[in-house]
Amino acid sequence: MYEIVYRYDPARPEEYALPADPAAARRRLEDGNAAFAGLLTAPPGEDRRVVRYDELGAPGADGGPPVQRPFAALIGCSDARVPLEIIFGQGFNDLFVVRVAGNVLGDLGQGSLDFAASNFADSLKLFVVLGHARCGAVSAAVDSFLNPAQYLAYAPSHPLRLIVDRLMVPVRAAHQAIGRAWGHGIADKPGYRDALIGVAVGLNAALTAATVRQELLAHVGPDREVVYGVYDLLTRRVGVPIGISGDARFSPGLAAPPADLSGFDQLGVAIATSPAVRELLG
């Protein structure tokens with residue numbers, strides 16, 4: 001049996017200092033994810049995790065509501081299997097979360113991040129974009145790319161088409177990256193669709209992070225950074241680049257997105273040649 005305990009004592013609240021800089025904020029998220037992922041593989045006697053809250057949304061000492069003080073703003077997918085606070089081991093008031101299918105960055109999501117950047121100057125140290133393996137929205141875009149007739153299924157819904165359209169850029173970039181790495185005849189391999197989804201998921205997260213960095217340029221600097229990662233549904237780990245078979249042989253943790261087109265080309269090939277993608281195409 002595995003046990004996760006969420007603990008809060010209003011008489012003796014835990015005192016957690018906010019991360020002092022982006023590196024500390026990143027470590028806190030990465031450590032939280034490592035602890036979460038390790039729970040199901042812990043030996044007997046160590047299969048219990050206690051998540052201590054320093055607050056539980058309770059009124060402050062003055063009787064008023066708690067003041068927002070998130071140390072990171074995250075944009076992630078709406079997928080119910082990827083609850084961001086849980087997979088990063090964080091609690092109340094730690095994260096400012098924006099969730100949308102495919103973790104695409106539209107006007108409303110961008111506005112939400114801009115709000116966080118402008119209003120949480122004292123606490124906010126990190127912007128995070130998190131994709132996840134086997135993303136349904138990315139899969140829909142891949143299927144439309146491979147078979148344009150599939151796109152007709154989304155024709156009646158403009159909002160749904162908008163999500164698929166935004167994901168076509170990373171899907172096309174993934175197609176080109178796989179072609180550079182394996183040769184263009186690789187598209188005939190049985191595992192090509194799954195490989196294309198896996199590479200597109202990683203490139204989509206990186207591209208969104210690069211866009212966030214550009215859009216929030218005035219709010220990003222030595223005191224704030226933008227990073228990205230991909231959550232693997234089988235290993236429960238966040239890392240870059242990601243495979244799609246649950247293979248743990250990827251670089252764990254969060255990373256800064258590429259700074260230019262050359263960097264994205266290199267990232268695409270790196271993901272396309274990762275062990276899990278090799279397993280599908282080899």
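Any read-out appearing in this document is the output of simple, stated calculations on the displayed coordinates, not a laboratory observation. Quantities reported herein were computed from a predicted structural model and do not represent experimental measurements. With ideal geometry, Cβ positions are generated from the backbone for all residues, glycine too; neighbour counts draw on all protein chains shown.
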(request) May I ask you to derive the FRET efficiency for Arg81 and Arg48 from their Cβ-Cβ distance with R0 = 30 Å, giving the value to the nearest 0.05? (result) 0.85
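Would you work out the relative contact order for the range 3-281, in percent, from Cα pairs under 8 angstrom that are 6 or more residues apart?
Here the relative contact order equals 18 percent.
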(message) Just to confirm the number: angle between the C-alpha axis of helix 22-38 and the first principal axis of the chain, 0 to 90 degrees, nearest 10?
(response) 80 degrees
(request) Name the residue, out of Asn103, Asn119, Asn33, whose mean-square fluctuation peaks in a Gaussian network model built on the chain with Cα pairs under 10 Å. (result) Asn119
(message) To make sure I understand, if each residue's beta carbon is the centre and we count other beta carbons within 10 Å, what order do Ile163, Ile186 fall in, fewest to most?
(response) Ile186, Ile163
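Gain in length, Val169 to Ala187, computed as 0.36 nm per residue apart minus the alpha-carbon separation, to one decimal in nm? Display every interim value, and only then the final one.
Numbers: separation 18, 0.36 × 18 = 6.48 nm, distance 1.78 nm.
Between Val169 and Ala187, full extension yields an extra 4.7 nm.
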(message) Please report the antiparallel percentage of the DSSP beta bridges confined to the chain, to the nearest 5.
(response) 20 percent
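What fraction of the Cα pairs in the range 162-282, stated in percent, has a spacing above 23 angstrom? Working shown, then result.
On the way: 2129 of 7260 pairs.
Considering the range 162-282, 29 percent of its Cα-Cα pairs are separated by more than 23 Å.
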(request) Determine the principal axes of the Cα atoms in the chain, then give the extent along each, sorted from largest to smallest and rounded to whole angstroms. (result) 65, 47, 38
